[in-house]
Amino acid sequence: MNEQRQQAYFNLIQNLLNCHSDDEVQKILAANQDLIDAGLVQKMLEIARNLLRQGELDQANGLMNIAGQQLGVYSKLSSTATKKEWLDFLEQALKVTADSINKVQVVYPILRANIKKLNSISATVFRDWAENKLRQVQLDKGKGIASDIVDLSKLIQEFTLGDKPNNIEIAIAGYKAALNVFNYNIFPLQWAMVQNNLGIAYCQRILGDKVENQEYAIQSFKSSLKIIVCSKFPQQWAITQSNLGNAYFYRVKGNRVENVEFAVKAYTAALEVITRSTLPSEWAMVQNNLGNAYLERQGKDKENIENAIIAYTAALEIYTRFEFPEQWAITQNNLGNAYLDRVQLDRVQVYRNENIENAITIFSAALEVFSRTEFPEQWAMIQNNLGKAYRQKIGDRVENFEKAIEFCTSALEVFTHTSFPQNHVSTLSNIGIIYQEAQQLTEAYTTLNSAITIVESLRGEIISGDESKRKQAEEWNKLYRHIVEVCLELGNIIKAIEYVEHSKTRNLVEQILERDAKTIFPPDVVTELEKYRDEIATGQYQIQNGKAENPKVLAQHLQELRQQRNELQNRYLPVGYGFKFDFFQGSLDEHTAIIEWYLLNDKILAFIVTKKGEVTVWQSQPEDQQALYDWVNQYLQNYYGQKDQWQNNLGKALKELASILHIDEILTQIPKHCDQLILIPHQFLHLLPLHAIPINQNSENSYCLLDLFAGGVSYAPSCQLLQQVQQRKRPDFQSLFAIQNPTEDLNYTNLEVESILSYFPSHQVLSKNQATKAALSQAATQLKESNYLHFSCHGSFNLNSPQNSFLLLADAFVSPIPDEANPEKYLKVSDTEAVDLSKCLTLGNLFERTFDFSQTRLVVLSACETGLIDFNNTSDEYIGLPSGFLYAGSSSVVSSLWTVNDLSTSFLMIKFIQILKDAIDMSIPLAMNQAQRWLRDATKEELQEWVKKLALDNTKKGKIRRQINNITGEQPFNSPFHWAAFTAVGK
């Protein structure tokens, strides 16, 4: 087929996709009768499949409908078939499936002839019919019928005509019906095979929640592998491992680093059986997928890139230009990307240029197959990649930048905002970066801002929950970093800090805004916002479940509603993409200063903010950022691997950190009248006791940061969250609710809680074995009415699954560990013992609104690691127990950054409450700072005198005083390990 006719096909299809009515479609088709043939239909179906992969369901289905019309097998009119006709069709299809050896050739004509029924019939009807049929027969006959239903379901799933989303739903319904016969105990092998089919269907599923579909797929593949073991079914086991690898690679939930590791493990396992000689095409496919996983793998970057290149090169031994042209071109493109990634690690210029030239050669070769007319999407993708390659090419910079812009601009001819929004954003991002590197800053800002505007619109369209929004934020985080850089180069610091805030804690900001709407906005505004919320949610549901009459028009309407909603709420509290810095700055106290850090690709930023005056920004040198990364890596290695060394070197390490962050230089930009400091860290800086870093490095009597500010040093995840929390009006401390030593193994927890109780005439305590999850739930009313919540117990942060971070309650330990214990429910602590997370207070519980802390002024988490956050994710979200309690309603949270000492923590907490209760209008951060200074500086004698005055009996006082005497050193808690772990976040 000549290229000119292919171009004509493509132009005609593009015109059809831009139509707004059936009349327009018919007019265009009537004017192009000479182009209507089988080749056009084939091209329509090919582009429709590409649109499906991009999530453009309405355009894909519309194009499939037109293709079906031209074949004379499909009508857009709704089916007039009766239920009997439906059942007759299903009976016929099932009989032919059972009787045929070559099922595709025999069954597909029946499906084409009855395509209206397939398009109209619901998955529920199909499942009811299948289940009813299976109920009417004996088990031995039911096995054969169930097998035929599975085969028919698979044929419908793979059928390219009709309504693709609905075909997959019907297939899933058929598989589930078959499982009524193929259960695990009686027909384990058939059960496992159906589980594998279900996994594939859920991976392909278009309707429903994308995140949950992936989880169902993973669970189905795992279930299949319980029976399909390598020793008995090696080939099927390997194929299922490959499928599982794909599911993990594209998984939205969970930790991305961990998911990629699972994918690498699954692909590698599959290649133990799938060899080049036995299954060559499958071997090449897994090699290509393994290469993709290696490119995304974190850790030994150079080794991973080299492994990816080896895998792609291996795949190309089978995927040749003539036998597998499309797969060859895809793998070539992937190999080109690997060479570009290798460029980032090569310091020697000659090797860098060699890798870039290799990438350009490989991308250009792929264009031999991926032409503009036959494979427009792939062609555009490679144009984009060529743009990235020329951007990095060594030589004539002006010429290379011009070529890079030219290639990326060509990609935008296909990657339009409406057809391929994510690819459109990616390409705009590349163009913006090219402009930035060419120092064409105005063009860079305009382009990057356009990309971010589209990202924000895509964010509003996400209907798969907060996890999807976080993953999207991880994907597009680099956009915000680049536009911050451009704003600073343009000298616009306010715009820079606004974009910093746009990228930070977005999910949490939106969740808290929704939760607190009734206290932030006037009643009539709340009512109006709820109307917007309900209408948007209804529209999203209709689009997601294929119930919208015109999805494109509805999507546009929803965008308009979101814009109207945002404009309304921003009149009172601008947040999210509508955050305005001047609104926030004006709300600050005149004695307050803020230091907000932000980590760019090659430098550290620190914005210094006060109520009046210009915002200033300190910028590090690239070597400072590398020093910071090296310091943090060593800090974490010592903490997780050599606790004693970490503890002994903590003071020295904090001095090094102060030098790396140039804290003395930053402090010179804070006005002398500011006596209160709010620290807003970024990423892993949230893990560090910044309030304890030394200042005046050249002074023999170096003080810590908290010593400089008489009004206290506190923390906030972002300016926006601080702005929201400040809106919360909470009663003064009148009532206390405490959890006391649930596991009965903390020697000084009882001392801590009993001493604190004397300061609260109204209090309730769940002590020791009474402090269960059930008791906490039963006390929901008392919890809601308490102003102060005190958890004195064990805590743990789960880095791999942050939502499972927990406070340990009574009865949570399980021994022996249940067989096949789900890691989502059980956390293994030894070979024989695990923690049942369902009996703990988890971060997930807090975000599920299990508890309401809307009257709570303060939550104290007097436990280990309760202030840690997920520092591996790059979405700039603040994910940890403090964020959960802020979301649940508290205006302040005190939590710990490491595994704390029982005795020193009890002293610190008692003193903290004494200071907080004794002084009028004492702020929580200031009370904590004063308690920390007291603990740090207190001598043994002073501690002994203090213990004498505690509200405890003489026996307990004696025990504590003897313990103090046994500690070495005149100031026993002078090390920052004892006093610096706790931070105050919030108001």
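The values are calculated or read from the model by the stated rules, or taken from the named source; none is laboratory data. Please read all numbers here as calculations on a predicted model, not as lab measurements. Glycine also receives a Cβ, built like all others from the backbone with ideal geometry; neighbour counts cover every protein chain displayed.
Selection of the stretch 82-115 for residues being in contact with a Leu (Cβ under 8 Å, 6 or more places away or on another chain) and of a type in the set (Lys, Arg) yields 103, 112. Quick check on residue 944: is it assigned to a helix (DSSP H, G or I) and crowded, with 17+ Cβ neighbours inside 10 Å? No, not satisfied. Determine whether the stretch 496-507 contains at least one residue that is surrounded by fewer than 18 Cβ atoms within 10 Å (Cβ to Cβ) and either at positive phi or not polar (S, T, N, Q) (or both). For the stretch 496-507, residues surrounded by fewer than 18 Cβ atoms within 10 Å (Cβ to Cβ) and either at positive phi or not polar (S, T, N, Q) (or both): absent.
Taken over the stretch 951-987, the criterion of being among the polar types (S, T, N, Q) and in contact with a helix residue (DSSP H, G or I) (Cβ under 8 Å, 6 or more places away or on another chain) is satisfied by 963, 965, 971, 974, 975, 983. Residue 579 - would you say it is in contact (Cβ under 8 Å) with a residue 60 or more places away in the chain and either under 24 Å from residue 889 (Cα atoms) or of a type in the set (Gly, Ala, Ser) (or both)? Yes; evaluated as a whole, the condition is true for this residue. Residues that are out of contact with any Ser or Thr (no Cβ under 8 Å at 6 or more places or on another chain), outside the structural domain of residue 63 (by TED's automatic domain parsing) and not in a helix (DSSP H, G or I) occur in the stretch 166-179; there is at least one. Here 345, 340 are screened, and the one residue that is modelled with pLDDT under 95 and within 20 Å of residue 408 (Cβ to Cβ) is 340. Are any of the residues in the stretch 186-205 among the aromatic types (Phe, Trp, Tyr), at pLDDT 90 or above, over 28 Å from residue 262 (Cβ atoms) and outside any helix (DSSP H, G or I)? Yes, the stretch 186-205 has at least one match. Considering (1) touching a residue at least 40 places away in the same chain (Cβ under 8 Å); (2) assigned to a helix (DSSP H, G or I); (3) surrounded by fewer than 19 Cβ atoms within 10 Å (Cβ to Cβ), the lone condition that residue 331 does not fulfil carries the number (3).
So is residue 899 part of a loop (DSSP other than H, G, I, E, B), within 21 Å of residue 747 (Cβ to Cβ) and out of contact with any strand residue (DSSP E or B) (no Cβ under 8 Å at 6 or more places or on another chain) or not? Here the answer is yes, as residue 899 does meet what is asked. Pairs meeting the criteria (first residue in the stretch 750-769 and touching a residue at least 60 places away in the same chain (Cβ under 8 Å), second residue part of a helix (DSSP H, G or I) and not hydrophobic (A, V, I, L, M, F, W, C), beta carbons under 7 Å, at least 6 apart or on different chains) are 751/906; 751/956; 752/906; 759/917. All of 85, 158 fail the test of being acidic (Asp, Glu), surrounded by fewer than 16 Cβ atoms within 10 Å (Cβ to Cβ) and under 24 Å from residue 67 (Cβ atoms), apart from 158. Just one residue in the set 229, 257, 252 is among the β-branched types (Val, Ile, Thr) and either in contact with a His (Cβ under 9 Å, 6 or more places away or on another chain) or under 29 Å from residue 359 (Cβ atoms) (or both); that residue is 257.
The criterion of at least 3 residues that are in contact with a helix residue (DSSP H, G or I) (Cβ under 7 Å, 6 or more places away or on another chain) and not assigned by TED's automatic domain parsing to the domain that holds residue 947 is met, among helices (runs of 4 or more DSSP H) falling completely within the stretch 719-797, by 719-725. Here is a check on your reading of the model: is residue 677 buried (at least 22 other Cβ atoms within 10 Å of the Cβ), within 35 Å of the chain's Cα centre (by Cα), farther than 29 Å from residue 798 by Cα and modelled with pLDDT of 95 or more? When the stated conditions are applied, residue 677 passes them. Looking only at the stretch 354-372, decide whether some residue is outside the structural domain of residue 8 (by TED's automatic domain parsing), closer than 26 Å to residue 321 by Cβ, of a type in the set (A, V, I, L, M, F, W, C) and touching an Asp or Glu at 6+ places or on another chain (Cβ under 9 Å). Scanning the stretch 354-372 turns up at least one residue that is outside the structural domain of residue 8 (by TED's automatic domain parsing), closer than 26 Å to residue 321 by Cβ, of a type in the set (A, V, I, L, M, F, W, C) and touching an Asp or Glu at 6+ places or on another chain (Cβ under 9 Å).
Against the definition (among the β-branched types (Val, Ile, Thr), at pLDDT below 90 and either surrounded by fewer than 24 Cβ atoms within 10 Å (Cβ to Cβ) or under 18 Å from residue 913 (Cβ atoms) (or both)), how does residue 874 come out, yes or no? Yes; evaluated as a whole, the condition is true for this residue. Of all residues in the stretch 373-382, those satisfying the criterion of being over 29 Å from the mean Cα position of the chain (by Cα) and assigned to a helix (DSSP H, G or I) are 376, 379.
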